[in-house]
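Below is one structure, written out as structure tokens; the observations come after it.
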Amino acid sequence: MLAIIKYNAGNIQSVAYALNRLGIEPVITDNPKELQKADKIIFPGVGEASTAMAYLQETGLDKLIPNLKQPVLGICLGMQLMCRYSEENNTKCLGIFDAEVKKFPNTKKVPHIGWNTIFDCKTPLFKDIPTNEYMYFVHSYYVPETDFAISKTDYIFKYSSALNKDNFYGTQFHPEKSGDAGEKIIKNFIEM
Amino acid sequence: MLAKRIIPCLDIKNGRTVKGINFEQLRDAGDPVELGALYAEEFADELTFLDITATIENRSTFAELVKEIAKNVNIPFTVGGGINSVKDVGILLASGADKITINSAAVKNPKLITELAKEFGSQCVVVAIDSKNYNDDAYIHTHGGRKPTNFKTVEWAKEVYDRGAGEILLTSMNTDGTKAGFDIDITKRVSDIINIPVIASGGAGDYVHFKDVFENTGADAALAASIFHFKEISIPELKKYLNKEGIAVRK
């Protein structure tokens, strides 16, 4: 069973539709027992960090998520919330990845919107994904280069576009909106 | 490197695509879902669906269609046509649209841009501007280009940016439908003064027009309708061409 964490994030339905296209019927839930029972968990996210964290704290999901043992995939804001801290409204996050989320400087257009390449890809999440494959990004905040990076992207400078630590994975880009290549990444996660 | 985006635009009337689209591969050329999925397969970077009937009674039909598109298309898409309120936008985003586009409603009530950006985030708010050059400057038009205004295009674009829009879809009424190329002048003037992506629209008729607009303006994306629908330009061929010309595109 694959579960999507239900909270006040904007792209839950898009992630569910992407899974449907792969023949999977996810359970969308914030019920701790159901989440613990799931084989795989997706933690989506489009929105603002402090509002999302406040919701996770109210529902106790902030304690549950860092203790999950099965593979977890955070997407976009989901990945950022798995870090220690975000500059977006000065928000303390879940602390799974010891990394800080920073705001892009205004030296180029912000948000970073559109298709950009990923490189230095590691782990089976990127199995059969060629280097410099294009993924779809929409974000104003980013994770700098870190030891947890399993892919990088260049916008203004090089930054971490995917992270991994133990069973936790995160992508800054939206695999659910990244065409066939994005679907392949979701499939790789499901097959872990 | 961030790729330049190619965006086909589909006009929708009563849940069907219009403009006499003729695709041999399609069982039903009037089905926007099937056409959208085909463009996604052909490496379109995004899709735009405009509800050109946009009457109150059609709102729920359009929301249902948006849901079907979201289920079947694996790239981002924008929807627009007759959006007047935060509530309209909430329904379309909940149905699975990635972005919405507003035009006349933003001119009539600029605060709507601010409200939408605050409620849903700038990234999903695309403000469409229909611009026409006369005398010595370019001025915006509303109501599908039928109604002229006294607002200068560049000044309005700046206000739209300051109010928190995430992107501007800039259509030049002078070049729209001419197939003589995008309006380089106004696209450059707008993209030079704002720090959000600009989608150039109106006038695409040949491969070289896309190269011109990307090389000579700060446009991040180019939108076209009939040349894609009538297969005068195929998106994979266009991308091959742009790539050869040194412009970063997703292949």
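Per residue, how large is the accessible surface of chain B? Use a 1.4 angstrom probe and give square angstrom.
Ligands and nucleic acids excluded, the figure is 41 Å² per residue.
For chain A, give the percent of accessible area contributed by carbon and sulfur heavy atoms, probe 1.4 Å, rounded to a whole number.
Reported share for carbon and sulfur atoms: 47 percent.
With n ≥ 4 as the cut-off for DSSP H runs, can you work out [θ] at 222 nm for the protein assembly as shown, using -39500 (n - 2.57) per run divided by the number of residues, rounded to the nearest 500?
Computed mean residue ellipticity for the protein assembly as shown: -9000 deg cm²/dmol.
Compute from the Cα atoms of chain B the Rg and the Dmax, the latter being the longest Cα-Cα distance, and quote both in angstrom.
Expressed in Å, the Cα Rg and Dmax of chain B come to 16.9, 49.
What whole-number value in cubic angstrom gives the convex hull volume per residue for the C-alpha atoms of the protein assembly as shown?
Taking only Cα atoms, the protein assembly as shown has a hull volume of 133 Å³ per residue.
Which ³J(HN,Hα) values, rounded to whole Hz and listed in residue order, are derived for segment A:2-8 from phi using the Karplus coefficients 6.51, -1.76 and 1.60 in 6.51 cos²θ - 1.76 cosθ + 1.60 with θ = phi - 60°, glycine and proline given as x?
10, 10, 10, 6, 8, 8, 7
Taking amide H positions as placed 1.01 Å from N in the peptide plane, with prolines and chain starts having none, which residues 5 or more places from residue B:81, or on another chain, fall under 5 Å of its amide H?
B:51, B:101
Check residue A:74: other-chain or 5+ apart residues with amide H under 5 Å from its amide H, H built from backbone geometry?
Close amide H contacts, sequence-distant or interchain: A:43, A:169, A:170, A:171.
How big is the gap, in Å, between the Cα center of segment B:55-112 and the Cα center of segment A:9-65?
Segment B:55-112 and segment A:9-65 have Cα centres separated by 24 Å.
Run the dipole for chain B about the Cα centre, Lys and Arg Cβ at +1, Asp and Glu Cβ at -1, nothing else charged, and hand back the magnitude in debye, nearest 20.
200 debye
Per residue of B:69-79, what is the mean number of Cβ atoms on other protein chains within 10 angstrom of that residue's Cβ?
Mean shielding count: 5.
Select from B:219, B:165, B:70 the residue whose mean-square fluctuation is largest in a Gaussian network model of chain B (Cα-Cα springs shorter than 10 Å).
B:70
Take the Cβ-Cβ distance between residue A:191 and residue A:132 as r, set R0 to 25 Å, and report the resulting FRET efficiency rounded to the nearest 0.05.
The formula returns an efficiency of 0.60 here.
The values are calculated or read from the model by the stated rules, or taken from the named source; none is laboratory data. Model, not experiment: these values are computed from the prediction. Please note: Cβ atoms are built from the backbone with ideal geometry, for glycine as well, and neighbour counts cover all protein chains shown. With ligands, DNA and RNA removed, areas are computed over all heavy atoms of the protein, side chains included. Shrake-Rupley method; radii C 1.70, N 1.55, O 1.52, S 1.80 Å.
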